[in-house]
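Single-structure report; data block below.
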Amino acid sequence: MSAETMSIFSPKVAARFDALVEKYPLRRSALVPMLLYAQDEIGYLSDAVIAEVAHRIGLTELEVRNVATYYSMLRFKPAGKFNVQVCTNISCMLRGAYEVYEKFQEELGIGHKGVTAYGVFSLEEVECIGACCWAPAIQVNYDFHDDLTPEGVPGILADYRRKSGGQ
Amino acid sequence: MPRLVSHPDEVKVVSKRFGQGAANIDKYIELGGYEAARKCLAQGPDWIIEEMKASNLRGRGGAGFPTGMKWSFVPKQSARPKYVLINGDESEPGTCKDHLIFLHDPHAMIEGTIIAGLAIGSKMGFIYLRGEYRYLLEIMEKAVADAYAKGFLGKNIFGSDIEFQIITQSGAGAYEVGEESALMESLEGKRGVPRIKPPFPAVVGLYGGPTVINNAETIATVPHVITMGGTAFAGIGSARNGGTRLFSISGHVERPGVYELPMGYNLKKMIYEVAGGVRGGRKLKAVVPGGSSTPVLLPEEIETLGMDFDQVGKAGSMLGSGGVVVIDDQTCIVEFALRTISFYQHESCGWCIPCREGTDWLKKSLTRFHAGFGTAKDIDNIRYLAENMMGRTFCPLGDAAAMPTLGFVKKFRKEFEDHLDGKPCPFAKHTEMAVV
């Protein structure tokens, strides 16, 4: 495949993938990060993403799907532009994560894995994100927010709404 | 930005550069960085391994295996390339120490990896970070690029004729990948299911080559061991437990945070003095001493308990990943047990039946129990299920799910009984707990 003419990815990401497969002793080692970076750009692992990743690495699409379904961050349908991931594992739970999670549900009007109108926000209850000492914590896409309270939830959402142009 | 804490009892070794801008390579060098790697280059592999053995440094991932001994198991001659693999998949609930090392001291991670490479005669190291740690991966990638630019990595490290390359890698969400053989599978582009042992990674590991796998905290400690000398490092800790440990103290304490304390530091003091005591002046109910997979301890069990691998083991639990989760008297243990097992059920890779089925049944039983539909027989069934998962799986995830469950049932049986006969949970806030 010529990356410039055939790729569904932007030239920048396509070039990154060209380099990524050459980096390892074994080409296949690029698979997991490539799927994640592909999802970052396209939003989810569409059929076209699976097909191009399989081609780039030299695997069948089935082999790629077999691996992709294992990892909890990888998804097969679009999330919101801002994917709100609320940790409710023990350290967060003890400091009020469920109250924070309920507040997000109330404010966004969606539940676990729901997406709001126009695809602005999605919500997920997730397992430990490694911010136990700053609990309760969430991630919005890759950004951490620590020491949350239910009262702080509307402000966080308002900041992201502003970033998305007021929707 | 995660908050940094400090306490006068801390002995800052691994965390001494935190908050000082050491992610910048010039700052790291100014603070004495990369001197340990140069020293190791001059002294050679046998000397490095002797220093590591003398240090009594034990693996910070949870198992507590002596690092120097682990390195010495790698054969000197090997037809296949040897590898160093750093486990930064930090995902044991209650643990967030590697988060701070990646953020504040990424070059310590690189320097430790170089030293491990020199010790075992490897030319390539991998630093694997969990997928959620994207901003930390970017910090790591920048640090690696800077180290290449200075000639500390590459074909001729520090101007020598020795080659060492480092590749950073992102995961994509999987607790199981923190297990060393599943980690290698993931790095080879596969589902993160464990491999059966033997052969051990030191003989047949990544890409079939001899591989040393170290936890991120362990590897960030290595340059300090070299700088201060193995014996001096050992002198900081307790018997057979060298040095300090980054304890992630979370839950119901006044001042949660990552504190660096000598191995063997008393757990009660850690909670009441270092972390400021139980939040809101409440009473202590229980402590999970080393991440969510370690059996719970009661207040009377922590009075004189020193936090090192051997003492916590003797007390019937494990030091694990050093994640101390403090639980106050307003907490329902059944709910806590349910949230713990829900995690392991979600994360079980499904490869071994006792783990896949056991975690699922435990979650179902505890969900029903907490909702007030349990029967007296359930308590023994929960125990029976957990006991039959122990030691019957390829990797320790089955044990990690069973051990805490057994602890809760044994030590808080009365609280389980209080949920019987349709009685509502005495602490209930979330009877219809959302489940991941």
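Rundown of residues vs (1) touching a His at 6+ places or on another chain (Cβ under 8 Å); (2) over 18 Å from B:Thr294 (Cβ atoms), yes/no style:
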{"residue": "B:Val326", "(1), (2)": "yes, no"}
{"residue": "B:Cys332", "(1), (2)": "yes, yes"}
{"residue": "B:Asp360", "(1), (2)": "no, yes"}
{"residue": "B:Gly374", "(1), (2)": "yes, yes"}
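In region B:202-217, what residues are surrounded by 24 or more Cβ atoms within 10 Å (Cβ to Cβ) and assigned to a helix (DSSP H, G or I)? Of everything in region B:202-217, those that are surrounded by 24 or more Cβ atoms within 10 Å (Cβ to Cβ) and assigned to a helix (DSSP H, G or I) turn out to be B:Leu206, B:Ala216, B:Glu217. Here region B:37-68 is the region considered, the condition is being under 19 Å from the mean Cα position of the chain (by Cα) and either in a helix (DSSP H, G or I) or of a type in the set (A, V, I, L, M, F, W, C) (or both), and the residue that is surrounded by the fewest Cβ atoms within 10 Å (Cβ to Cβ) is B:Phe65. Please go through region B:95-145 and pick out each residue that is closer than 30 Å to B:Ser293 by Cβ and basic (Lys, Arg). Scanning region B:95-145 gives B:Lys97, B:Arg130, B:Arg134.
There is no residue in region B:188-201 that is assigned by TED's automatic domain parsing to the domain that holds B:Ser91, small (Gly, Ala, Ser) and part of a helix (DSSP H, G or I). Among the residues of region B:157-166, not a single one is in contact with a strand residue (DSSP E or B) (Cβ under 8 Å, 6 or more places away or on another chain), small (Gly, Ala, Ser) and at pLDDT 95 or above. Restricting attention to region A:120-130, the residues that are assigned to a loop (DSSP other than H, G, I, E, B), surrounded by fewer than 24 Cβ atoms within 10 Å (Cβ to Cβ) and at the interface with chain B (Cβ under 10 Å from one of its Cβ atoms) total 1. Scanning region B:282-298 finds no residues that are hydrophobic (A, V, I, L, M, F, W, C), in contact with a Leu (Cβ under 6 Å, 6 or more places away or on another chain) and under 30 Å from A:Thr69 (Cα atoms). Among helices (runs of 4 or more DSSP H) entirely within region A:1-97, having at least 3 residues that are out of contact with any strand residue (DSSP E or B) (no Cβ under 9 Å at 6 or more places or on another chain) and more than 30 Å from A:Pro136 (Cα to Cα) singles out A:3-6, A:11-23, A:47-57, A:61-68. Does B:Gly251 qualify as being touching a Ser or Thr at 6+ places or on another chain (Cβ under 6 Å) and at the interface with another protein chain (Cβ under 10 Å from one of its Cβ atoms)? It is true that B:Gly251 is touching a Ser or Thr at 6+ places or on another chain (Cβ under 6 Å) and at the interface with another protein chain (Cβ under 10 Å from one of its Cβ atoms).
Selection of region A:75-94 for residues being surrounded by 20 or more Cβ atoms within 10 Å (Cβ to Cβ), within 11 Å of chain B (Cβ to nearest Cβ) and under 21 Å from the mean Cα position of the chain (by Cα) yields A:Gln85, A:Val86, A:Cys87, A:Thr88, A:Asn89, A:Cys92. Picking from residues in region A:143-167 that are touching a Phe, Trp or Tyr at 6+ places or on another chain (Cβ under 6 Å) and in a loop (DSSP other than H, G, I, E, B), the one that is farthest from A:Gly43 (Cα to Cα) is A:Asp147. What about A:Thr116, is it of a type in the set (S, T, N, Q), at the interface with chain B (Cβ under 10 Å from one of its Cβ atoms) and more than 15 Å from the chain's Cα centre (by Cα)? No, not satisfied.
Consider B:Asp46 carefully, then state whether it is within 17 Å of B:Val225 (Cβ to Cβ) and without any contact (Cβ under 8 Å) to a residue 12 or more places away in the chain.
The answer is yes for B:Asp46.
Of all the numbered requirements in (1) more than 14 Å from every other protein chain (Cβ to nearest Cβ); (2) farther than 13 Å from B:Ile226 by Cα, B:Pro93 misses one, and that requirement is (1).
The condition (being at pLDDT 95 or above, within 9 Å of chain A (Cβ to nearest Cβ) and closer than 26 Å to A:Thr69 by Cα) is satisfied by just one residue among B:Gly173, B:Gly205: B:Gly173. Residues that are aliphatic (A, V, I, L, M) and surrounded by 18 or more Cβ atoms within 10 Å (Cβ to Cβ) were ranked within region B:140-166; the one that is nearest to B:Pro81 (Cα to Cα) is B:Ile166. When B:Ile127, B:Ile110 are screened for being within 21 Å of the chain's Cα centre (by Cα), assigned to a helix (DSSP H, G or I) and in contact (Cβ under 8 Å) with a residue 24 or more places away in the chain, only B:Ile110 passes.
The values are calculated or read from the model by the stated rules, or taken from the named source; none is laboratory data. Remember, it's a predicted structure, so these values are computed and weren't measured experimentally. Backbone-built Cβ (ideal geometry, glycine too); neighbour counts: all protein chains shown.
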